1. Give, in nm to one decimal, the length gained when the segment between B:GLN184 and B:GLU131 is fully stretched (0.36 nm per residue of separation minus the Cα-Cα distance).
2. Going by alpha carbons, how many degrees (0 to 90, nearest 10) lie between the helix axis of B:232-241 and the longest principal axis of chain B?
3. Rounded to the nearest 5, what % of DSSP beta bridges with both residues in the range B:3-241 are antiparallel?
4. Calculate the dipole size of the protein assembly as shown relative to its Cα centre from +1 charges on Lys and Arg beta carbons and -1 charges on Asp and Glu beta carbons; express the result in debye to the nearest 20.
5. Relative to the longest principal axis of the C-alpha atoms of chain A, give the angle of the C-alpha long axis of helix A:151-181, reported between 0 and 90° and rounded to the nearest 10°.
6. Calculated FRET efficiency, B:GLU122 and A:LEU248, Cβ-Cβ r, R0 56 Å, to nearest 0.05?
7. Kindly give Rg over Rh for the range A:121-164, based on alpha-carbon atoms, with the Kirkwood expression for the hydrodynamic radius.
8. So if R0 is 41 Å, what FRET efficiency would A:LEU58 and A:VAL37 give, r being the distance between their Cβ atoms, rounded to the nearest 0.05?
Amino acid sequence: MANSTDIYAVPGVGAGLLDVFRRRYLLKLIVRKELRVRYRGSVLGLAWSYVKPLVQYLVLFFALGIVLRVGDQIPNYALYMFSGVIVVNFFTEAFSNATRSIVWNAALVKKIYLPRELFPVASVWVAAVHFLPQLVVLLAAALFNGWRPDVMQLVGAALGFVIVAVTATGLGLLAGAINVFFRDAENIVDMLMMIVTWTSPVLYDWTMIRRLAPDWVLTIYQLNPVTVAVELFHWAFWYPTVTKPVELPPHLMLTGLAGLGMAAVFLIIGQLVFRRLEGHFAQEV
Amino acid sequence: MGAAVIVKGLKKTFNLRHSHSLKETLVWLVKGRKGDLTKKFDALHDVSFEIQDGETVALLGFNGSGKSTLLKLISGVILPDQGTVRTKGRVAGLIEVGAGFHPDLSGRENVFLNAAILGMTEQEINEKFDEIVAFSEIEQFIDTEVKFYSSGMFLRLAFAVAVHTQPDIFLVDEILAVGDEPFQRKCLAKIKQLSDEGRTLVVVSHDLDMISRICDRGVVLSSGTVQFEGPADQAVAWLRERN
């Protein structure tokens, strides 16, 4: 941008994520476009994003509870799992769409200069919009189970959301940039996304890992930003509804801050790699 | 006054790579990096020139001479391998009409999206919206999805958005072949008006008559180097001699 000492700008060199913030109106329009295009020609439109999580919740409730009898080990298991599942849903949608975002927008990337970080960031926003209906279903299920959270627990949930959003943005920038050069990246990410559900305590609880693995493995396991967010969500939405004594991981808020630190590291790495590779996007995509 | 665009010692090389596979790269690395993985192609080589504030400059040359590459470098879509480009003020590029248009959005939504992509703020777009639609002359279809537009309607709307973005430097690539003759005249008049307002224009076109009419100066490129630089009619004549 022009200033008094140097009125000349270098075309094609921006301020990265800062430019995304400066052009948030454009970001808003891109997010709106993505949503509009996603639900084109559909009668229910965005309502689909309420139907899907509801079905997912019912499947967890009936299939796991009545068929697999998970409820014997985890009280309110459907709520427990669903609060983790929506965190993982948000993360996988955000991360895998961000990975593809540059390639999907090749027409624009090739023709017009604009901060390319806009595309991965928009993918995360779109995932956040889809997260909202899932949260509504979760809240309804929690209230149905007599949910009474305290303020810290709600702060914890918000922290968990931020951790996942920042992590997905950072990793999305990284993988999205690499995907321009090697389309293998999106397949690798798809594969990772299958694993993510199992590297966090979504369909089981963390004490099972403690029983099976040595301490240092448990520590690494618990530093995974997605795990941190899942546990924060358990604490916020499931724990207040449980009457039986259950054991939560210790120092949840502290781990939360560590998770935020991890997320920030991912974001910085993602942005740095993205900036390094960005100059070749238009000619390689 | 002063230079609006300064181009110094530009070099741009493209990789002629036809696959995007990690496997091939790994195989190449394992085999001890034998041979070039990719072929290289110099699109531009040691290109330097300046464009003054308020000038209308044509980039001329036959297909493959590097004109569009140069325009993309000035707009920042691609970065040079060597040399520098400096621009003053807001640059808007019409590298391709309607590049930012999405077929599933209505004309109205596309106007907002495309104008924002070209650097306008929300307030500027709201102010200019009616003018843009009036210029395109497709008022009655503005809420129809763009995929139902005829190609003429599409180009009209896209061009209308672009000329209303009010950049300091306006890059135009081969888009003056827009629509029917009355609309083309209107576009040329608009281009002239932008130039009269003191904006800098960089035009790429094969329409040599039009160029000698509207441009002050011409830069002729051939095989990626500057071959001639001078008044537009001389540049056109120079190019015609070698045709």
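1. Working: separation 53, 0.36 × 53 = 19.08 nm, distance 1.75 nm.
Here the segment from B:GLN184 to B:GLU131 would lengthen by 17.3 nm.
2. 50
3. Numbers: 22 of 39 bridges.
Close to 55 percent.
4. Numbers: 50 positive and 49 negative charges, 230 e Å.
Charge dipole, the protein assembly as shown, about its Cα centre: 1100 debye, nearest 20.
5. Once rounded, one gets 40 degrees.
6. Working: r = 45 Å, r/R0 = 0.81.
After rounding, the FRET efficiency stands at 0.80.
7. Values: Rg = 12.1 Å, Rh = 11.7 Å.
That ratio is 1.04, to two decimals.
8. Numbers: r = 29 Å, r/R0 = 0.71.
E between A:LEU58 and A:VAL37, to the nearest 0.05, is 0.90.
Every number in this text was worked out from the coordinates using simple rules, so none of it is lab data. A quick note: this is a predicted structure, and the numbers were derived from the prediction, not measured. Positions of Cβ are backbone-derived with ideal geometry, glycine not excepted, and every protein chain shown enters the neighbour counts.
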